[in-house]
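The values are calculated or read from the model by the stated rules, or taken from the named source; none is laboratory data. Remember, predicted model here, so these are calculated numbers, not experimental data. Don't worry about glycine lacking a Cβ; one is built from the backbone with ideal geometry, like all the others, and counts go over all protein chains shown. Side chains included, ligands, DNA and RNA excluded: accessible areas come from the protein's heavy atoms. Shrake-Rupley method; radii C 1.70, N 1.55, O 1.52, S 1.80 Å.
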Amino acid sequence: MQASDPTAPGPRPLLPDPLRRLAAWCALLLLVSGVVYVGIRLCDEFRTAVVPVLLALLGTALLGPLHRRLVKAGVQRSVAAGLTCVAVVAVVGGAVYIVVAALIDTGDEIVASLKQAARGISEHFGAAGTSLEDLASNARELLGKFGGSAASGVISGVSVVGEAIAMAVLALLLVFFFLRDSDKAAGTLRALSPRGSADTLEAMARRAFQAVEGFMRGTTFIALIDALCITVGLLVLDVPGAAGLGALVFVGAYIPYLGAFISGAVAVLVALADRGFVIALWVLGVVLAVQVLEGHVLQPVIQSRTVQMHPAVVMVAITAGASVAGVLGMLLAVPLTAAAFGVLQELRTRYESQEPSASEES
């Protein structure tokens with residue numbers, strides 16, 4: 001029996017090396033896409049429990065610095081968490097009251113201005129604008145025509161409101177527990193992680209939470225500055241409903257790009273209808289100036305330590321979030337994407353730090 005030559009070349013692979021690498025990457029992408037799709041479907045199926053957890057994580061990321069300052073000042077962790085939750089209820093409740101009051105006080109003016117804008121469009125563009133005016137003027141007739149469906153919608157609306165209140169209460173309770181037990185989160189994660197991966201999982205979780213924390217704090221501060229600047233500009237230009245439009249700008253700032261576009265367009269339309277073309281151009285200039293200030297000064301300075309995402313990635317994330325969970329999905333899409341980018345950055349950093357040592361051993 002003739003012995004085989006160990007130096008003889010092995011069997012030739014069926015596919016060249018570049019194609020085999022491409023096939024491996026495709027298989028990995030399909031696997032990750034399948035896991036993400038199943039995860040999204042499960043979250044949608046159990047959204048009543050998942051949404052409060054996500055909202056609580058966002059609230060914890062925003063309120064974490066206040067809780068840590070109270071703990072450093074000598075306040076017990078449970079008391080500090082309770083005081084933080086009371087403070088957030090007071091602040092959020094006050095903000096909601098101010099926004100709702102502003103919208104109620106100026107809502108009629110804004111609606112009348114938008115209706116007048118539709119009337120102006122009808123004069124310049126004919127039938128297309130006339131249809132808008134007819135739709136605005138015949139709103140009561142349309143509501144009366146579909147009164148039966150509206151009555152049934154009230155019942156479903158009550159259930160939706162009840163579900164929203166229950167989720168808000170659950171989210172607030174989770175914020176309390178997350179803040180109180182935040183010092184135990186790392187230990188719990190390390191205890192549940194597989195052997196040998198505790199350090200990596202903890203680093204990934206910390207990087208993801210830091211990205212969400214920076215995004216929430218930066219976005220809130222930027223939204224406040226945008227709302228104040230645009231409100232002052234609208235007051236100077238004597239545009240009706242300036243307080244309500246400023247509140248709309250503040251809320252819309254939590255949906256990057258799209259929220260600013262919608263709130264700015266509403267402000268310009270109101271100015272066009274009530275103050276004329278010249279004032280509308282001035283309002284457009286104010287909105288664009290604020291957006292330039294945000295994009296070139298506020299975003300780089302305030303959110304320089306967070307995950308920087310390309311605008312195309314943000315728009316795709318917002319669209320995907322809207323398709324999955326509507327307005328709530330649009331609000332949650334960007335911080336979750338920021339967390340994912342933070343995890344990817346941590347993995348890339350660890351891979352790059354381990355690659356030279358592996359090459360030195362070889």
Exercise. For Y257, what is the net charge nearby, where nearby means another residue's Cβ is under 14 Å from its Cβ and Lys, Arg count +1, Asp, Glu -1?
Worked result: -2
Problem set entry | Extension gain from V169 to V232, taking 0.36 nm per residue of separation minus the Cα-Cα distance | 19.2 nm
Problem set entry | Top positive-direction residue, dipole computed over the stretch 183-276 with Cβ charges, set G252, A211, V236 | A211
Problem set entry | Estimated dipole of the stretch 174-236 in Debye, rounded to 20 [Cβ of Lys and Arg +1, of Asp and Glu -1, Cα centre] | 200
Exercise. Each label point is 7 Å from the Cα along the Cα-to-Cβ direction; what then is the distance between the points at E352 and L22, in nm?
Worked result: 2.8
Problem set entry | Amide N of the stretch 162-194 lying under 20 Å from the label point, which is placed 7 angstrom from the Cα of L66 along Cα→Cβ | 168-183
Exercise. By how many nm would the segment from V50 to V161 lengthen if fully extended, with 0.36 nm per residue of separation less the alpha-carbon distance?
Worked result: 38.2 nm
Seminar exercise, completed: Length gained, A87-V297, 0.36 nm per residue minus C-alpha separation, equals 72.6 nm
Problem set entry | Accessible surface of R217 - all protein chains present, 1.4 Å probe, nearest 10 Å² | 110
Seminar exercise, completed: For the stretch 170-278 the mean separation of alpha carbon contacts under 8 Å (6+ apart) over residue count, i.e. relative contact order in percent, is 17
For this session: Sort the stretch 161-210 into rounded, prolate or oblate with this rule: let a ≥ b ≥ c be the square roots of the eigenvalues of the Cα gyration tensor; rounded if a/c is under 1.5, and if a/c is not under 1.5, prolate when a/b is larger than b/c, oblate otherwise.
Result: prolate
Seminar exercise, completed: Everything considered on the Cα gyration tensor (a ≥ b ≥ c; rounded for a/c under 1.5, else prolate if a/b is larger than b/c, else oblate), the stretch 12-60 must be described as prolate
For this session: Could I have the simple spin-label model distance between T319 and Y37, label points 7 Å from Cα toward Cβ, reported in nm to one decimal?
Result: 1.8
Exercise. If each of L224 and E202 carries a label point 7 Å out from its Cα toward its Cβ, how far apart are those two points in nm?
Worked result: 3.4
Exercise. In what order, largest first, do I225, I262 sit by accessible area if the probe radius is 1.4 Å?
Worked result: I262, I225
